[in-house]
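The block underneath contains the structure these notes are about, expressed in structure tokens.
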Amino acid sequence: MLPPGLTLSLTTTPDVEFRNYLVDGITAHHADFLPPVSSLPLAIMLRDDAGAWQGGLVGRSWQNWLFIELLFVPQARRGQGLGHLLLASAEAEAKQRGCTGLWLDTLNPEALAFYLRHGFESFGELPNYPNNARRIFLRKPFA
């Protein structure tokens, strides 16, 4: 039961203003124990000579960690060291920004093996997400 004067609504298309309202509220609430928010997007794009995308990475540094949200290399381009190049570029940029590490998550067992080979370590798992898959959370702190 809601207090008088309040309504509750659900949408699958939230607007930017609502998200910003939530971010601003959470940021203000945490101001007593966290430094001012330092957040900067990152995109690293691979293109061929014709300008078509051939993979890339999207992430965001927030405070002192860089979160890799998306990393993709098309099947035809795999095995050429491009994933390694994307991770190395993200790591170099993260260090330039003063980050202390990278983190990401994956559902893909092949991607998990790839990240482990590149120095990431697992720090959490969400089992049965979805069905019988596992969502693995990984980090790579900079010594």
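Worth a mention:
- The set of residues in region 1-45 being outside any loop (DSSP other than H, G, I, E, B) and within 30 Å of LEU85 (Cβ to Cβ) consists of SER39, LEU40, PRO41, LEU42, ALA43, ILE44, MET45.
- Residue count for region 49-83, restricted to those that are among the small types (Gly, Ala, Ser) and under 20 Å from ARG139 (Cα atoms): 4
- Hits in region 127-140 - residues which are surrounded by 13 or more Cβ atoms within 10 Å (Cβ to Cβ), more than 15 Å from the chain's Cα centre (by Cα) and not hydroxyl-bearing (Ser, Thr, Tyr): ALA133, ARG134
- The residues listed here are GLY51, GLY59; of these, the one that is in a loop (DSSP other than H, G, I, E, B) and at pLDDT 95 or above is GLY51.
- For region 95-121, the candidate set comprises residues that are surrounded by fewer than 13 Cβ atoms within 10 Å (Cβ to Cβ) and of a type in the set (Gly, Ala, Ser); within that set, the residue that is nearest to GLY59 (Cα to Cα) is GLY98.
- Considering the conditions (1) within 14 Å of the chain's Cα centre (by Cα); (2) assigned to a helix (DSSP H, G or I); (3) loosely packed, with under 12 Cβ neighbours inside 10 Å, LEU70 is excluded by exactly one of them, (2).
The values are calculated or read from the model by the stated rules, or taken from the named source; none is laboratory data. Owing to the predicted nature of the structure, the values given are computational and were not obtained by experimental measurement. Cβ sites come from the backbone with ideal geometry, for glycine too, and all protein chains shown count toward neighbours.
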